[in-house]
Each structure stands twice: as structure tokens, then as C-alpha cells.
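Enquirer: One structure is given below, represented as C-alpha cells, and several questions about it will come after.
Values quoted throughout were computed directly from the atomic coordinates according to the rules given, and no laboratory measurement underlies them. Predicted model, so just to flag it, every value in this text is computed and none were measured. FYI the Cβ positions are ideal-geometry reconstructions off the backbone, even for glycines, and counts take in every protein chain you see.
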Amino acid sequence: MVAYDDLVSLGGMNEAKAKGKFRLEGKEYVVKDGDIMHVLNIVTSPRKDQSASRALVDAFLREYMTQADGIVIDTLNVWQEWLPEFDAETINAK
């Protein structure tokens, strides 16, 4: 989340992050006029287009984008990314 005025005055998202103006907000946050939201959509279903949950999220995001100004959606598909392997020792390490 970054305020629109900060985004414009600093010249972009990377600059806003560098100046500490980019922040994470939880589900209780009330969006203010001028907020720019950066949403991470994590795709975890191996069923691809056959996944009902993925279809639901896609439909929600499409509709949300028509209603909300200033939203950026990045998608991370865990089935297309390289992820490190976790063995039992790694999982149990703290």
C-alpha cells in the first residue's frame, strides 16, 4: 500500500519503497482515498483451469479491478516458480 501523493512525488513504486512509504496492511485496514494497493495473488492449485477456487479468485479480482482505482495485482504461481526443497530437518528447524 502506498499513498498516491507519495507515489507521484517520489516518481514510482520502487522509489516509494526505498523511502519507506510502501507499507503492508492487514485485512482490517480501511482503504483511504488515494491509496494505491499492491495485491499478491498466490496460485497454489495444481488443477489450473479446472480449479474452482482459482476461478473464484480470478472472478473476484476481475470485478474488483473494475470497482477499485489504483490497484496493482501481481500473481505468483507456485507451480511455475522455482522453490527450494524442504526436507524434514529444514521443516523442523526454528
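Enquirer: Between Lys19 and Ile73, what is 0.36 nm times their sequence separation minus the Cα-Cα distance? Round to one decimal in nm. Walk me through the numbers before you get to the answer.
Expert: Working: separation 54, 0.36 × 54 = 19.44 nm, distance 2.17 nm.
Gain on extension, Lys19 to Ile73, equals 17.3 nm.
Enquirer: I've got another one for you. DSSP beta bridges in the stretch 2-92, what fraction antiparallel, as a percent rounded to 5?
Expert: On the way: 2 of 9 bridges.
Roughly 20 percent of the DSSP beta bridges within the stretch 2-92 come out antiparallel.
Enquirer: Skipping prolines and chain starts, which residues have an amide H placed within reach, meaning under 5 Å, of the one on Ala3, given they are 5 or more residues away or on another chain?
Expert: Under 5 Å from the amide H of Ala3 lie the amide H atoms of Ile36, each far enough along the sequence or on another chain.
Enquirer: So which GluC sites (Glu not before Pro) in the stretch 3-53 are both in a DSSP loop and have at most 15 other Cβ atoms within 10 Å of their Cβ?
Expert: Details: sites: Glu15, Glu25, Glu28; in loops: Glu25, Glu28.
Those that pass, being in a loop and sparsely packed, are Glu25, Glu28.
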